[in-house]
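Down below is the structure, laid out as structure tokens.
The values are calculated or read from the model by the stated rules, or taken from the named source; none is laboratory data. If you're wondering where the values come from, they're calculated on a predicted model, not measured in any experiment. For neighbour counting, all protein chains shown are included, and Cβ atoms are generated from backbone atoms with ideal geometry for every residue, glycine included.
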Amino acid sequence: MTKFFLLGKPVIKALRGGLPRRLGRILFVAINIGFLQGCDHDAFDGIIYKPNGEIAKPEELSAGISTIFSTVSGAYDTNADWVTGELLTRFNRGDGLYDNSRGVGTGSGNGLGPIFGGYSCGACHRNTGRTTPAWVTGGSGAGFSSMLVYITRKTGGYFPEYGRVLHDQSIYGVKAEGKIKITTTTEKFKFPDGEEYELITPHYEITDWYDYEIKPEDLIISVRAPLRHVGMGQMMALNHDELKQLAAQSNYPEYGISGRLNYVTEKGKYDIGISGNKANHQDLTVELGFSSDLGVTNDRFPHEVGEGQSQMMGFANQGVEISTRDMEDVDLYMQTLGVPARRNVDDETIKHGEQMFYQAKCHLCHTVTLHTRPRGSVLLNGTQLPAGQSDHSSLLRLLITRHGTRIS
């Protein structure tokens with residue numbers, strides 16, 4: 001019997017016999033294929049060969065020429081085939097900076113803390129995917145929660161000694177801001193045909209506050225799963241004119257749907273938000289991630305994330321702990337990852353699910369194909385990626401499943 005949930009919302013899995021037939025067709029196909037859709041048949045006019053020598057079908061290409069044909073556990077952590085030469089050298093350097101745990105103190109590869117959420121980018125985004133969810137271990141425990149925990153007042157605003165994100169880890173001599181404790185409850189239900197299923201609901205509690213304790217009645221806890229980073233290069237290279245056109249026509253009052261773009265101001269620039277939770281960022285937040293998640297100061301965020309806390313005496317003036325060049329290598333690594341190809345495109349169940357996806361009008365919100373700009377995206381320090389990043393590539397279909405089983 002398997003039970004699981006996502007982002008605090010219960011998810012159904014049948015007690016016996018796998019997913020119910022109706023869910024097997026709708027959930028695994030309509031959500032995981034419709035929501036993460038690949039190329040249209042006419043979206044790519046070149047030829048891409050698979051490892052077995054066969055020509056890839058257009059519908060297999062998740063990201064145009066950035067599509068890779070790999071099914072190993074580290075498939076998300078693989079460069080696109082066009083990444084060669086100096087780009088590949090920088091990709092590998094960025095990969096190391098992304099995955100390697102930071103040390104305490106000064107010098108290359110250090111700067112962790114004093115308070116932090118994870119030891120490295122890869123701690124929460126394992127192989128640019130996701131790591132074990134916090135509910136499995138019950139929360140922070142002896143390691144880290146692998147979840148992003150936002151805390152706010154019920155009346156609005158943040159708590160002065162804590163800020164907006166709970167940092168549940170710390171270096172020696174400093175206390176973590178608090179620990180997240182997660183418990184779950186289950187309820188059993190039946191479908192009309194008698195098939196049983198369970199719903200799991202997570203419950204969050206923060207303990208071991210470093211300063212004053214915040215009463216539950218004064219607190220809102222928002223727990224979020226770390227995002228996958230595979231496919232982010234295509235996100236950064238999206239054609240903004242196409243997004244504006246989609247937003248202009250995304251008004252379907254008969255379904256109660258009206259879409260709009262989220263504009264944000266970042267680095268003094270007002271533009272469309274592309275990445276992060278609720279599209280609140282224009283870039284991949286590499287600089288913010290090093291600062292807030294790891295406690296590693298940089299040119300954009302030169303102050304320790306816990307600056308102002310009473311326990312920061314002696315820890316708040318360490319200087320810049322990672323160079324902009326190193327962070328751009330991490331940005332390059334994330335943007336030049338290959339995207340695993342769609343699988344089982346000829347499976348009759350998948351084809352039927354795709355039909356139901358359109359029949360249910362899912363595509364009105366979950367756009368089937370998005371295109372990138374003629375040129376590649378620009379990295380955080382101004383480096384222009386080549387057009388090979390984005391020629392005719394569409395971006396989604398990142399998570400492919402078969403018969404209810406996640407393949408990653």
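Just one of Q282, Q311 is crowded, with 17+ Cβ neighbours inside 10 Å and at pLDDT below 90; which is it? If you could, list the steps in order and put the result at the bottom.
Details: Q282 fails: at pLDDT below 90.
Residue meeting the stated conditions: Q311.
In the stretch 138-160, the count of residues that are over 18 Å from the mean Cα position of the chain (by Cα), more than 27 Å from Y333 (Cβ to Cβ) and part of a helix (DSSP H, G or I) is zero.
G53 meets the conditions (1) modelled with pLDDT of 90 or more; (2) assigned to a helix (DSSP H, G or I) in every case but one. The failed one is (2).
Being outside any helix (DSSP H, G or I) and either buried (at least 22 other Cβ atoms within 10 Å of the Cβ) or over 20 Å from the mean Cα position of the chain (by Cα) (or both) is the filter here, so list the residues in the stretch 74-86 that pass it.
The answer is A80, D81, W82, V83, T84.
Taken together, the residues in the stretch 283-313 that are within 13 Å of F116 (Cβ to Cβ), small (G, A, S) and not in a loop (DSSP other than H, G, I, E, B) amount to 3.
Do we find that R260 is modelled with pLDDT under 90, among the charged types (D, E, K, R) and in contact with a strand residue (DSSP E or B) (Cβ under 6 Å, 6 or more places away or on another chain) in this structure? No; evaluated as a whole, the condition is false for this residue.
Hey, among the residues in the stretch 314-334 that are aliphatic (A, V, I, L, M), part of a loop (DSSP other than H, G, I, E, B) and within 27 Å of the chain's Cα centre (by Cα), which one's surrounded by the most Cβ atoms within 10 Å (Cβ to Cβ)? I'd like the intermediate steps shown before the answer.
From the stretch 314-334, those aliphatic (A, V, I, L, M) are 316, 320, 322, 327, 330, 332, 334; that's our starting set.
Checking the rest, the ones that are also part of a loop (DSSP other than H, G, I, E, B) come to 316, 320, 322.
Filter again for within 27 Å of the chain's Cα centre (by Cα), leaving 320, 322.
Working: V320: 14, I322: 23.
Top of the filtered list is I322.
Checking the condition in a loop (DSSP other than H, G, I, E, B) and either modelled with pLDDT of 90 or more or among the polar types (S, T, N, Q) (or both), which residue from T71, T89 passes?
On the way: T89 fails: in a loop (DSSP other than H, G, I, E, B).
T71 is the lone residue from the list that is in a loop (DSSP other than H, G, I, E, B) and either modelled with pLDDT of 90 or more or among the polar types (S, T, N, Q) (or both).
Within the stretch 163-179, is even one residue surrounded by 14 or more Cβ atoms within 10 Å (Cβ to Cβ) and in contact with a Lys or Arg (Cβ under 7 Å, 6 or more places away or on another chain)? Yes, the stretch 163-179 contains at least one residue that is surrounded by 14 or more Cβ atoms within 10 Å (Cβ to Cβ) and in contact with a Lys or Arg (Cβ under 7 Å, 6 or more places away or on another chain).
Within the stretch 100-137, the set of residues being surrounded by 18 or more Cβ atoms within 10 Å (Cβ to Cβ) and part of a helix (DSSP H, G or I) comprises C121, G122, A123, C124, R126, N127, T128, A134, W135.
Highlighted here are the strands (runs of 3 or more DSSP E) found entirely within the stretch 168-280 that include at least 3 residues which are closer than 20 Å to V136 by Cβ: 179-190, 196-207, 219-224.
Scan the stretch 360-408 residue by residue and report those that are of a type in the set (D, E, K, R), modelled with pLDDT of 80 or more and surrounded by 15 or more Cβ atoms within 10 Å (Cβ to Cβ). Correct list: R373 only. Residues in the stretch 214-235 that are closer than 15 Å to G122 by Cα and at pLDDT below 90: 4 in all.
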